[in-house]
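**Q** Before I ask anything, here is the structure I am working with.
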Amino acid sequence: MEDLSRDLPILLVEDNPLDIDLTLRAFKKRNLINPIHIARDGEEAIAFIEKWDAGEKIPIVILLDLKMPKLDGLEVLKIFKTHPVYQTIPIVVLTTSSDNKDVERAYKLGANSYIIKPVNFDKFIEVASQIELYWNVLNQPHL
């Protein structure tokens, strides 16, 4: 059986250019073949709803930072997880915040996972590997 999940994009919602670069380099080093779409703030992330409605492929997973301009990650999470069509997209909060209130609120809003971003590249490669293994190999996607 053909693995259709490899064709599905990953949506990275991140405002920090260095973290975007780190994430892209980590996935490239892991030879991740899924296309990566980037939203640089919460409003750009929500704008993807219109693109999906227009026929763009729905992501296999959304990697969501919390601390962003315009619309913070928790608001983005709430919008996606209450959307009648897109609420089943898995969302991994990938953030520098280890604040227990952020962790608790993210899970209450429907986050599927909460990962604190490692600062060093080798640790980030490890996280990228785990994200890839889980979301592209073990998890059954919502096709």
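**Q** Run down 108, 101, 67 and say which single residue is more than 15 Å from residue 46 (Cβ to Cβ), surrounded by 13 or more Cβ atoms within 10 Å (Cβ to Cβ) and modelled with pLDDT of 85 or more.
**A** Just a single option satisfies the conditions, and that option is 67.
This table checks each residue for (1) part of a loop (DSSP other than H, G, I, E, B); (2) modelled with pLDDT under 80; (3) on the phi > 0 side of the Ramachandran plot.
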| site | (1), (2), (3) |
| --- | --- |
| 2 | yes, yes, no |
| 6 | no, yes, no |
| 24 | no, no, no |
| 32 | yes, yes, no |
| 44 | no, no, no |
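**Q** A further question on this structure: Can you tell me which residue in the stretch 79-88 is surrounded by the fewest Cβ atoms within 10 Å (Cβ to Cβ), limited to those that are touching a helix residue (DSSP H, G or I) at 6+ places or on another chain (Cβ under 9 Å) and of a type outside the set (S, T, N, Q)?
**A** Restricting to residues being touching a helix residue (DSSP H, G or I) at 6+ places or on another chain (Cβ under 9 Å) and of a type outside the set (S, T, N, Q), the top hit is 85.
**Q** Taking only the stretch 11-39 into account, find how many residues are within 20 Å of residue 57 (Cβ to Cβ) and under 13 Å from the mean Cα position of the chain (by Cα).
**A** Qualifying residue count, the stretch 11-39: 13.
**Q** Could you say which residue among 91, 62, 38 is more than 18 Å from residue 114 (Cβ to Cβ) and either surrounded by fewer than 20 Cβ atoms within 10 Å (Cβ to Cβ) or touching a Leu at 6+ places or on another chain (Cβ under 6 Å) (or both)?
**A** 38
**Q** Also, quick follow-up: Looking at 88, 95, can you tell me which residue is among the polar types (S, T, N, Q), at pLDDT below 95 and more than 15 Å from residue 14 (Cα to Cα)?
**A** Result of the check over 88, 95: 88.
**Q** Something else now. Any residue in the stretch 129-142 that is of a type in the set (D, E, K, R) and at pLDDT 85 or above?
**A** For the stretch 129-142, residues of a type in the set (D, E, K, R) and at pLDDT 85 or above: absent.
**Q** Quick check on this structure: which one of 60, 49, 36 is modelled with pLDDT of 95 or more and β-branched (Val, Ile, Thr)?
**A** 49
**Q** Report every pair of residues separated by at least 6 positions or lying on different chains whose Cβ atoms are under 8 Å apart, first residue within the stretch 44-63 and acidic (Asp, Glu), second surrounded by 12 or more Cβ atoms within 10 Å (Cβ to Cβ) and assigned to a helix (DSSP H, G or I).
**A** Sorted first by the residue in the stretch 44-63, then by its partner, the pairs are 56/48.
The values are calculated or read from the model by the stated rules, or taken from the named source; none is laboratory data. Treat the numbers as computed from the prediction; the structure is a model and nothing was measured. Neighbour counts run over all protein chains shown; Cβ positions are idealised from the backbone, glycine included.
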